[in-house]
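Below you'll find the structure, written out as structure tokens, and then a few comments.
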Amino acid sequence: MKIEDYDSVCDVTKPADIEAALSKRHGVGINSFWLSHAAEEFPAINIMVKGDRAYVHYFPKDREPGFASVAKVPGPRPNETSIFFVRRTEKVWVLNGAVIPFSDALKAAQEFSISATMPKCIHWFEL
């Protein structure tokens with residue numbers, strides 16, 4: 001599986017290598033990762049991370065809105081937003097109801113590494 005972040009690209013297959021790649025942070029604990037298989041662009045997963053929280057977006061095909069992660073247990077203020085960074089300086093506002101623990105995003109990435117289908121370990125909302 002290919003993992004691309006703000007400034008690097010790596011190919012990984014082992015769960016420990018996936019965790020190491022997704023643990024990379026910049027600045028104030030942020031990063032954005034694109035996961036895909038081999039030379040195929042889609043399906044793809046984007047994981048935006050800020051500290052120990054993440055937002056996961058699954059894209060089954062090009063030009064389809066895809067699916068957004070859904071918090072299993074809504075945190076405080078689920079209808080308000082948190083700021084993530086798709087690039088180092090490009091902010092994205094994400095509903096708190098779509099923010100999940102990074103540990104769940106990591107499980108989704110490890111599941112995606114085995115199969116390009118949408119991971120079943122987290123809840124999804126079709127966009």
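The values are calculated or read from the model by the stated rules, or taken from the named source; none is laboratory data. A quick note: this is a predicted structure, and the numbers were derived from the prediction, not measured. Note that each Cβ is placed from the backbone with ideal geometry, even for glycine, and that neighbours are counted across all protein chains shown. Side chains are part of the model used for accessible areas, which takes the heavy atoms of the whole protein and leaves out ligands, DNA and RNA. Shrake-Rupley method; radii C 1.70, N 1.55, O 1.52, S 1.80 Å.
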Given (1) of a type in the set (Asp, Glu); (2) over 23 Å from Phe125 (Cβ atoms); (3) open to solvent by 30 Å² or more (accessible area, probe 1.4 Å), where does Glu80 come up short, assuming only one miss?
(2)
For region 35-63, give me each residue that is charged (D, E, K, R) and either touching a Leu at 6+ places or on another chain (Cβ under 6 Å) or open to solvent by 80 Å² or more (accessible area, probe 1.4 Å) (or both).
Glu40, Glu41, Asp52, Arg53, Lys61, Asp62, Arg63
Please tell me if Arg63 is within 23 Å of Ile30 (Cβ to Cβ), at pLDDT below 95 and either more than 15 Å from the chain's Cα centre (by Cα) or among the hydroxyl-bearing types (Ser, Thr, Tyr) (or both).
no
Every residue in region 1-28 that is modelled with pLDDT of 95 or more and closer than 23 Å to Ala68 by Cα, please.
Met1, Lys2, Ile3, Glu4, Asp5, Ile18, Glu19, Ala21, Leu22, Ser23, Lys24, Arg25
Close pairs from region 49-60: first more than 17 Å from Ala21 (Cβ to Cβ), partner of a type in the set (S, T, N, Q) and buried (at least 24 other Cβ atoms within 10 Å of the Cβ), Cβ under 7 Å, at least 6 apart:
Tyr55/Ser69
Scan region 65-85 and report the pairs whose first residue is more than 13 Å from Gly97 (Cα to Cα) and whose second residue is of a type in the set (Asp, Glu), with Cβ atoms within less than 6 Å and a gap of 6+ or a chain change.
Phe67/Glu126
Tell me which residues, restricted to region 71-125, are among the basic types (Lys, Arg), within 14 Å of the chain's Cα centre (by Cα) and assigned to a strand (DSSP E or B).
Arg87
